[in-house]
Amino acid sequence: MSTKLHKIAIIMSKITIYVSVFCLSLTMVFATATNAQQKKLREIEIELEKGSYPVSTLFKSIENETLFNFAYLENQGLNTATVSIKKKRWDMLELLKDISKQTELSFKRIDETITVRVEKVSETIPAVQELFVDQHTITGKITDENGLGLPGATVMEQGTSNGTTTDIDGNFKLDVSPDAILEITFIGYETLTIPVGSQTVINVQMQVDTEQLEEVVVIGYGVQKKSLVTGAISSIDTEELEQLPVANVEQALQGRTSGVVVTQNSGQPGSGLSIRIRGVGTNGNSQPLYIV
């Protein structure tokens with residue numbers, strides 16, 4: 001009886017070992033497939049024969065060589081449009097961009113599906129977009145050199161069009177791929193690049209870019225380099241204004257800079273002053289624009 005029990009125990013042990021090995025093999029297979037799915041387009045290489053192909057035929061060739069599937073409508077005319085393949089070895093990102101140049105098509109990759117659209121590429125419509133379903137969310141706060149929230153800072157996933165801007169308190173939220181690198185920019189501050197890795201919260205303090213501040217002029221309708229400004233720019237030292245016995249800003253500006261005429265509306269004490277830019281002969285509205 002004990003011998004039979006011993007044999008049964010050995011058989012059960014072997015079965016347990018086989019099941020464990022099988023599960024481990026499945027885990028390794030799924031892990032390999034997952035890693036393949038996480039590869040970015042520029043990391044996936046493909047070989048094609050040189051020549052001219054209908055776009056739909058080229059897509060089928062790519063599908064046969066990779067795990068990708070192309071999704072598009074039959075009435076998009078892809079059977080008649082042709083693409084010239086001038087070399088054999090490509091990475092997928094380079095190939096899709098080359099096809100886009102020749103056909104006015106744009107591509108959006110989500111995991112292993114590539115959606116095809118007929119639309120002209122522009123600043124707002126990139127040739128290739130790349131997203132992953134298993135993206136994780138990054139939150140954080142961007143602050144200035146004094147630790148105050150920096151509103152309007154740009155947070156981009158490097159190499160993609162995926163990005164956002166910070167809110168009024170400097171906070172942001174962005175879905176990114178696991179191997180993403182964040183690029184954070186703001187006018188007057190140094191650009192920062194931060195690998196995401198396993199982080200879910202990223203708080204960043206920006207540093208002032210002294211060289212950039214010296215090269216930029218802030219004007220009433222935006223920001224321009226000094227070399228590009230064609231209008232006249234005058235400035236008045238605030239320390240000089242503090243020494244003047246005046247009651248308001250208009251009186252302080254009177255006679256202090258060329259092209260600005262300050263006149264009193266009437267002879268009554270306390271009457272208001274008017275400011276005209278470039279003299280009263282200016283066409284249109286000559287009132288100044290005050291920016292605080």
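The table that follows gives values for the structure above.
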item	result
Probe 1.4 Å - accessible area at V201, Å² to nearest ten	80 Å²
Sequence-distant residues sharing a close amide H with E130 (under 5 Å, placed H)	R109, S161
Heavy-atom accessible area ranking, 1.4 Å probe, most first, across T185, T200	T200, T185
For the stretch 87-99, 3J(HN,Hα) per residue [Karplus equation, 6.51 cos²θ - 1.76 cosθ + 1.60, θ = phi - 60°, Hz, x = Gly/Pro]	8, 8, 9, 9, 9, 4, 5, 4, 5, 5, 5, 5, 5
For A180, distant residues with modelled amide H under 5 Å away	V196, G197
DSSP-defined antiparallel bridges as percent of all bridges, the stretch 74-171, nearest 5	75 percent
Residues whose placed amide H lies under 5 Å from that of H136, excluding near-sequence neighbours	V176
Trypsin sites (Lys or Arg not before Pro) lying in DSSP loop within the stretch 50-143, provided at most 13 other Cβ fall within 10 Å	K50, K86, K87, K88, K120
Contour excess over end-to-end distance, with Cα ends at T238 and R42 and 0.36 nm allotted per residue	65.1 nm
HN-Hα J in Hz across the stretch 77-86 - Karplus 6.51, -1.76, 1.60, θ = phi - 60°, x for Gly and Pro	x, 7, 6, 9, 5, 10, 10, 9, 9, 9
Where labels lie 7 Å past Cα in the beta-carbon direction, separation of V118 and T139 in nm	4.4 nm
Beta bridges by DSSP in the stretch 101-156, antiparallel share as percent, to the nearest 5	65 percent
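The values are calculated or read from the model by the stated rules, or taken from the named source; none is laboratory data. A quick note: this is a predicted structure, and the numbers were derived from the prediction, not measured. All Cβ positions, glycine included, derive from the backbone under ideal geometry; neighbour counts span all protein chains shown. Just the protein is used for accessible areas: all its heavy atoms, side chains included, with ligands, DNA and RNA removed. Shrake-Rupley method; radii C 1.70, N 1.55, O 1.52, S 1.80 Å.
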